[in-house]
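Novice: Sharing a structure below in structure tokens format, with a few things to ask.
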Amino acid sequence: MPRNTSATMGFPRFSGAVRNLVIINTVVFVVLLLLSAMAGNQALWIATRGLLSPDAIKHGWVWQFLTYGFLHFEPLSFLFSMLGIYFIGSAVEAQTGPKRFVELYLVSLIGAGLCGFLLSLTGVVAQGAAMGSGPAANALLMVFYLLYRDARVMPMFIPIPIPIKYIVIFTAAVEGAYLLLTHFSMFFMVQLLGMGTGYLWYRFMWRRMNIFGFFGAQLLSFHNSYHRWKRRRAGRKFQVYMKKHNQDAKDYFDEYGNFRPPDDKDKKNGGSTGGGWVN
């Protein structure tokens, strides 16, 4: 798959899907911050129903696979996530377009949350709850690396351009260390899974079809397979019927299970007909 191999990092324009997602996250963060200060019970009510909790999902709260990615309570975590979405996400959106960018953002949140929930069923890893847009930010980081392999990024507080691959390795190492220190908590598990979903999106979905087209194609393939199975099943039943009546089913059906036109049967028997046939 063709890709760019270099990029220069500066201050990108605050526009497009990146701007919309940053604004949505900021509005939710400010609302939760104000509620936490003035109406703690309401903030707790929102957090309980919005964050990713395996126990709640088992009771049917499946919307948490998406909503957890828009809940932030730690200012520093929120700041770094938004900066990553702004700087890294702008470069990714420039290559993918706004629609595919939003698709990547949502797929990474839902995919990481779903995988985290499945791992939690072991009762050993991915325990506890998760929130924040970290999985989406990590997915953007992974896709940025895959798009710009030789790009150099100047992190905050480090005035030295660093190759993007080392940023990816460093991020994965730090979050992997926290994952071990927190005994494989759900929060850091979904962070790392976000990188994985970003890679899978780039590998299997980008420049092929969008997520709706992908599942639509799978559904159409299943639909066609089902009808082919029904036709073969009907053909076998007809063969049994014809054998009981000492007739050859090949006079009526071809090797693909399609009904033969009467012309073919008459020609096989040496006859002729002037009529047409529609199969």
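Novice: Evaluate the following for Leu118: is it open to solvent by 60 Å² or more (accessible area, probe 1.4 Å), over 24 Å from Ala43 (Cβ atoms) and modelled with pLDDT of 95 or more?
Specialist: yes
Novice: Please specify each residue of region 153-191 satisfying the condition of being in a helix (DSSP H, G or I), open to solvent by 50 Å² or more (accessible area, probe 1.4 Å) and under 17 Å from Phe80 (Cβ atoms).
Specialist: Of everything in region 153-191, those that are in a helix (DSSP H, G or I), open to solvent by 50 Å² or more (accessible area, probe 1.4 Å) and under 17 Å from Phe80 (Cβ atoms) turn out to be Phe170, Ala173, Val174, Tyr178, Phe187.
Novice: Okay, next question. Taking region 1-23, which residues are of a type outside the set (S, T, N, Q), at pLDDT 95 or above and open to solvent by 30 Å² or more (accessible area, probe 1.4 Å)?
Specialist: Arg19, Ile23
Novice: Next question. Open to solvent by less than 60 Å² (accessible area, probe 1.4 Å), closer than 25 Å to Ala47 by Cβ and hydrophobic (A, V, I, L, M, F, W, C), is that true of Ala129? Please lay out each step first, then the result.
Specialist: Details: open to solvent by less than 60 Å² (accessible area, probe 1.4 Å): yes; closer than 25 Å to Ala47 by Cβ: yes; hydrophobic (A, V, I, L, M, F, W, C): yes.
Answer is yes for this residue.
Novice: Please state which one of Asp55, Asp150 is part of a helix (DSSP H, G or I), out of contact with any Gly (no Cβ under 8 Å at 6 or more places or on another chain), at negative phi and open to solvent by 50 Å² or more (accessible area, probe 1.4 Å). Explain how you work it out, then say what you get.
Specialist: Values: Asp150 fails: part of a helix (DSSP H, G or I).
Result: Asp55 is the single residue among Asp55, Asp150 that is part of a helix (DSSP H, G or I), out of contact with any Gly (no Cβ under 8 Å at 6 or more places or on another chain), at negative phi and open to solvent by 50 Å² or more (accessible area, probe 1.4 Å).
Novice: Determine which member of the set Thr26, Thr67 is among the polar types (S, T, N, Q), surrounded by fewer than 22 Cβ atoms within 10 Å (Cβ to Cβ) and more than 27 Å from Pro155 (Cβ to Cβ).
Specialist: That would be Thr67, the only listed residue that is among the polar types (S, T, N, Q), surrounded by fewer than 22 Cβ atoms within 10 Å (Cβ to Cβ) and more than 27 Å from Pro155 (Cβ to Cβ).
Novice: Looking at the structure I just gave you, is Ala94 buried (at least 21 other Cβ atoms within 10 Å of the Cβ) and of a type in the set (A, V, I, L, M)?
Specialist: no
The values are calculated or read from the model by the stated rules, or taken from the named source; none is laboratory data. Please read these numbers as outputs of a predicted model, since none were measured by experiment. For neighbour counting, all protein chains shown are included, and Cβ atoms are generated from backbone atoms with ideal geometry for every residue, glycine included. When the accessible area is computed, the model is the full protein with side chains, heavy atoms only, and any ligands, DNA or RNA have been set aside. Shrake-Rupley method; radii C 1.70, N 1.55, O 1.52, S 1.80 Å.
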